[in-house]
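> My questions all concern the structure below.
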Amino acid sequence: MKKILLIAALMMITSTATAAKIDAYQKILESGRYTIRYDNLTPAPRVTNRNVVELYGKNGLKVEGNDFFLNRPLSGIIVSDGTNRYEEVGYKDFFQCRLVKGGENFIFTKYVVKGGFEYFGDKKGKVSANPRNYLIELLSGESFGDSNFTEMMTAIISDSQKSSAQKKYQFVAGGTLDSGLSYEDFSSSDGEAVSAIRYYFDGDALIKIAYASAQGDTFRKCIVKILAFSAEPEINLLRLPSGLIDTTKR
């Protein structure tokens, strides 16, 4: 209950100030050209014992239902060059990957082995593409790997660029902590559901994000460390790795 009240208090904050430092990251995201690397420090709750890989909306990586990822911090990579896109979410030696290239969608996993990686698509070392689902992308918006990080990133994007399914966040407060880090707070409310996101900056560099939401008795939180947020896409990740053969029948 205290956590829910804390979010509610944040929702009632009013400020005449405007967000400033997050604007640079909004421009990067809306340009469609970037590389983002992050560590999700908050493990997903254990909700299943199934050892499976799932997709949500066929437009992202559903890590919450994967036993490999439950109760473990995650690492993620997102790369976009405006047309092509790569998403990776994983833990230690297992990673779930999605490459969107042209009108095709490649889903595969990679494992750390001695001397490098081993890849599995339809079979070991082979993958075939599914047609890219433009309708789902239009309705649900872009995915940024796991759902918590997707929420944190899409909150930055201006409302005019959001899909109808994405929440609209408002800037509510900003300031400087005793540690010297500055922050900018955003919130969203939809009926009984309330959400709050705090972006932490070291100078102008975004270094951490904290997210919390509450609906009824359900409370959700997530803390992410930003390792890199660049306007330069890592082009080498926007193609299938050399250890994975494309077997798509075209």
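The values are calculated or read from the model by the stated rules, or taken from the named source; none is laboratory data. Computed from a predicted model, the values in this text were never measured in an experiment. We place every Cβ from the backbone using ideal geometry, glycine too, and count neighbours over all the protein chains shown.
> Which one of these is out of contact with any His (no Cβ under 7 Å at 6 or more places or on another chain), among the small types (Gly, Ala, Ser) and within 30 Å of residue 106 (Cα to Cα): 195, 189, 213, 160?
Of 195, 189, 213, 160, the one residue that is out of contact with any His (no Cβ under 7 Å at 6 or more places or on another chain), among the small types (Gly, Ala, Ser) and within 30 Å of residue 106 (Cα to Cα) is 160.
> Here's another thing I want to ask about it. Are any residues in segment 167-201 assigned to a loop (DSSP other than H, G, I, E, B) and under 18 Å from the mean Cα position of the chain (by Cα), and if so, which ones?
167, 168, 169, listed by residue number.
> Output the number of the condition that residue 154 fails; it satisfies all remaining conditions of (1) under 19 Å from residue 222 (Cα atoms); (2) touching a residue at least 24 places away in the same chain (Cβ under 8 Å); (3) hydroxyl-bearing (Ser, Thr, Tyr).
(2)
> Exactly one of (1) surrounded by 15 or more Cβ atoms within 10 Å (Cβ to Cβ); (2) within 26 Å of residue 204 (Cβ to Cβ); (3) modelled with pLDDT of 80 or more is unmet by residue 27. Its number?
It is condition (1) that residue 27 fails.
> If you don't mind, another one. Can you tell me which residue in segment 217-250 is surrounded by the fewest Cβ atoms within 10 Å (Cβ to Cβ), limited to those that are touching a Phe, Trp or Tyr at 6+ places or on another chain (Cβ under 8 Å), under 18 Å from residue 83 (Cα atoms) and among the aliphatic types (A, V, I, L, M)?
231
> If the requirement is being in contact (Cβ under 8 Å) with a residue 12 or more places away in the chain, hydroxyl-bearing (Ser, Thr, Tyr) and more than 20 Å from residue 86 (Cβ to Cβ), which of these qualifies: 211, 119? Spell out the reasoning first.
Numbers: 119 fails: more than 20 Å from residue 86 (Cβ to Cβ).
After applying the criteria, what remains is 211.
> If only one of 52, 100 is under 30 Å from residue 218 (Cα atoms), among the β-branched types (Val, Ile, Thr) and either out of contact with any Pro (no Cβ under 6 Å at 6 or more places or on another chain) or at pLDDT 95 or above (or both), which one is it? Outline the logic, then answer.
On the way: 100 fails: under 30 Å from residue 218 (Cα atoms).
None of the others qualify; the one that does is 52.
> Among the candidates 61, 10, which residue alone is in contact with a Gly (Cβ under 7 Å, 6 or more places away or on another chain), modelled with pLDDT under 60 and buried (at least 17 other Cβ atoms within 10 Å of the Cβ)?
61
> Sort through 214, 210 and tell me the only one that's assigned to a strand (DSSP E or B), buried (at least 20 other Cβ atoms within 10 Å of the Cβ) and aliphatic (A, V, I, L, M). Even if it seems obvious, please write down each step before you answer.
On the way: 210 fails: buried (at least 20 other Cβ atoms within 10 Å of the Cβ).
Going through 214, 210 in turn, just one is assigned to a strand (DSSP E or B), buried (at least 20 other Cβ atoms within 10 Å of the Cβ) and aliphatic (A, V, I, L, M): 214.
> Continuing with the same structure: Only one of these is under 18 Å from the mean Cα position of the chain (by Cα) and at pLDDT below 95: 230, 213. Name it.
From the options 230, 213, the qualifying one is 213.
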